[in-house]
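Trainee: One structure coming up, written as structure tokens, with questions to follow.
The values are calculated or read from the model by the stated rules, or taken from the named source; none is laboratory data. Keep in mind that what you see is a predicted model, and the values were worked out from it rather than measured. Neighbour counts are summed over all protein chains in view; Cβ atoms, including those assigned to glycine, are modelled from backbone coordinates with ideal geometry.
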Amino acid sequence: MQSAPSLPALSLLLRGAALLVVWWALTLGETSALGFGLGVTALVAWLSVRLFPPSGYRLQPLGLLSFLGYFLTRSVVAGLDVARRLLSPALPVHPGEITLTLHLPEGSPRWLLANTLSLMPGTLSALLEGDQLTLHCLDTREPVEQDVRETERQVARVFGLSLNDIGRAVQ
Amino acid sequence: MIDSAVIAVQVVLLVLGCLFFAVGTLGLFRFSDTLTRIHALTKVDNLGLGFIVLALLPLAPSLAGGVKMVLIWAAALAASATSAHLIARAVHVRPEHSAVEEAADD
Amino acid sequence: MTLILNAVAAFLLLTLLIALIRIWRGPEPADRMLASQLFGTTGVALLLVLSYAQSMPALMDVALTLAVLSVLAIVAFVTRVVRIEQPVDDDGGRHD
């Protein structure tokens, strides 16, 4: 295992490389635009490190991959779920709100969880205050909390946080 | 032979995408409150967009074109999730407040 | 394929128009702001389909811009019209 990247230089390089890939796609691989793109991506990467200093979290490629798979399948389920409710004549919804205490640390992990939950079946992030997340639920009779905890676990893996760390962070 | 199979899959995906968009619009009318409507818009429409993007991918002129389309899809997803949260938050914080009077005293 | 794509575009435009009725009826400002979200998804899909149907790759850039701008519109709405950043008295605004 490598140590966490505390060097802004590494973040600068990684962000610059990611931005360059985006530039390449947006210009449809146009080679004549690449020189200009290099300048722009360098500038934006520098600016992003200035405005959003590296948080100390390191994205785990495997965790990210597993998260993407989870996210894609669950968003399909979410879409089908709402469609099914909408198309049934009885309109089986039971809206309500629940408030949960999040186990994830502040910053990007919580933010990613809140945004992800808005696209997951039956949940919509309404308010995030500290570690309290209020969710609007399409059907409060469903095991919402269980789903949220599973999503939380997936998000934790993206940032390389283990469940035990999360458990300890609660106290 | 393979070409027609690809086209068949594309057509199926396009039809699915259209169906989901139609259901999303239906949700705007069938659901009675704002928050539930946001559920319909975000989840169903994003699935519709996903199917449309998948259907269009074989038409992309180059690898970069395909990546660009996936990026647009990701941007739309992020935009949708963020918008949903912001509107939900606004409704949640002041549920009974109509913002008309707010805007008026500006 | 072009014909199919044009049909899909027309259909998407139709769903967008029908949804606009809802937006027009409101009644809450938040309901109206759903329009911005709607353009963020249905509008993007429509533009992507059209960019291939009409062989206009530039429409793809329009789609991307639309997706990004839709968030900005919502941010403007949320901070200005509803002004959620203002402290709300603790019991007054909540309903749980």
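Trainee: Tell me, which residue of region C:48-63 that is surrounded by 20 or more Cβ atoms within 10 Å (Cβ to Cβ) and either within 9 Å of chain B (Cβ to nearest Cβ) or of a type in the set (S, T, N, Q) (or both) is nearest to B:P58 (Cα to Cα)?
Mentor: Looking at residues that are surrounded by 20 or more Cβ atoms within 10 Å (Cβ to Cβ) and either within 9 Å of chain B (Cβ to nearest Cβ) or of a type in the set (S, T, N, Q) (or both), I get C:Y52.
Trainee: Does A:L72 count as at the interface with chain B (Cβ under 9 Å from one of its Cβ atoms), without any contact (Cβ under 8 Å) to a residue 24 or more places away in the chain and over 30 Å from A:A18 (Cβ atoms)?
Mentor: Numbers: at the interface with chain B (Cβ under 9 Å from one of its Cβ atoms): yes; without any contact (Cβ under 8 Å) to a residue 24 or more places away in the chain: yes; over 30 Å from A:A18 (Cβ atoms): no.
When the stated conditions are applied, A:L72 does not pass them.
Trainee: Can you report the number of residues in region B:57-90 which are touching a residue at least 40 places away in the same chain (Cβ under 8 Å), buried (at least 22 other Cβ atoms within 10 Å of the Cβ) and over 17 Å from A:S125 (Cα atoms)?
Mentor: Residues flagged as touching a residue at least 40 places away in the same chain (Cβ under 8 Å), buried (at least 22 other Cβ atoms within 10 Å of the Cβ) and over 17 Å from A:S125 (Cα atoms) within region B:57-90 amount to 0.
Trainee: Out of all the residues in region A:94-101, is one or more in the same structural domain as A:S125 (by TED's automatic domain parsing), among the small types (G, A, S) and part of a strand (DSSP E or B)? Don't jump to the end; show me each part of the working.
Mentor: Initially, region A:94-101 is screened for residues in the same structural domain as A:S125 (by TED's automatic domain parsing), giving A:94-101.
Keeping just the survivors that are among the small types (G, A, S) gives A:96.
Filter again for part of a strand (DSSP E or B), leaving A:96.
Taking every residue of region A:94-101 in turn, at least one turns out to be in the same structural domain as A:S125 (by TED's automatic domain parsing), among the small types (G, A, S) and part of a strand (DSSP E or B).
Trainee: For region A:15-33, how many residues are surrounded by 15 or more Cβ atoms within 10 Å (Cβ to Cβ) and in a helix (DSSP H, G or I)? Step through it out loud before you land on a result.
Mentor: The first filter runs over region A:15-33 and keeps only residues surrounded by 15 or more Cβ atoms within 10 Å (Cβ to Cβ), leaving A:15-16, A:19-20, A:22-29, A:33.
Retained after the next criterion (residues that are in a helix (DSSP H, G or I)): A:15-16, A:19-20, A:22-26, A:33.
The qualifying residues number 10.
Trainee: Hey, among A:L127, A:L135, which residue is among the hydrophobic types (A, V, I, L, M, F, W, C), without any contact (Cβ under 8 Å) to a residue 60 or more places away in the chain and within 23 Å of B:G24 (Cβ to Cβ)?
Mentor: Numbers: A:L127 fails: within 23 Å of B:G24 (Cβ to Cβ).
Only one candidate qualifies: A:L135.
Trainee: Hey, can you tell me all the residues within region C:24-38 that are more than 7 Å from every other protein chain (Cβ to nearest Cβ) and crowded, with 17+ Cβ neighbours inside 10 Å? So that I can check it myself, show each step before the final result.
Mentor: Step one: of region C:24-38, the residues more than 7 Å from every other protein chain (Cβ to nearest Cβ) are C:24-27, C:32, C:35.
C:R32, C:A35, listed by residue number.
Trainee: Suppose we keep only residues that are surrounded by fewer than 20 Cβ atoms within 10 Å (Cβ to Cβ) and under 13 Å from B:N46 (Cα atoms) within region A:75-86. Which one would you say is farthest from the other protein chains (Cβ to nearest Cβ)? Write out each step before concluding.
Mentor: Taking region A:75-86 and keeping what is surrounded by fewer than 20 Cβ atoms within 10 Å (Cβ to Cβ), we get A:76-77, A:80, A:84.
With the extra rule that they be under 13 Å from B:N46 (Cα atoms), the set shrinks to A:76-77, A:80.
Values: A:V76: 6, A:V77: 9, A:L80: 8 Å.
Here the answer is A:V77.
Trainee: Taking only pairs six or more apart or across chains, which ones have beta-carbon atoms under 8 Å, a first residue in region B:1-28 that is more than 30 Å from C:A30 (Cα to Cα), and a second residue that is among the aromatic types (F, W, Y)?
Mentor: Listed by first residue and then by second, the contacts come to B:L13/B:F51; B:L14/B:F51.
Trainee: Right, another one. It is to be established whether one or more residues within region A:117-131 are surrounded by 15 or more Cβ atoms within 10 Å (Cβ to Cβ), away from every other protein chain (no Cβ under 13 Å) and at pLDDT below 90.
Mentor: As a first pass, look at region A:117-131 and keep what is surrounded by 15 or more Cβ atoms within 10 Å (Cβ to Cβ): A:117-128, A:131.
Applying the additional criterion that residues be away from every other protein chain (no Cβ under 13 Å) yields A:131.
Imposing the further condition that a residue be at pLDDT below 90 reduces the set to A:131.
For region A:117-131, residues surrounded by 15 or more Cβ atoms within 10 Å (Cβ to Cβ), away from every other protein chain (no Cβ under 13 Å) and at pLDDT below 90: present.
Trainee: For region B:18-52, name all the residues that are more than 7 Å from every other protein chain (Cβ to nearest Cβ) and within 15 Å of the chain's Cα centre (by Cα).
Mentor: Selection gives B:L19, B:G24, B:G50, B:F51.
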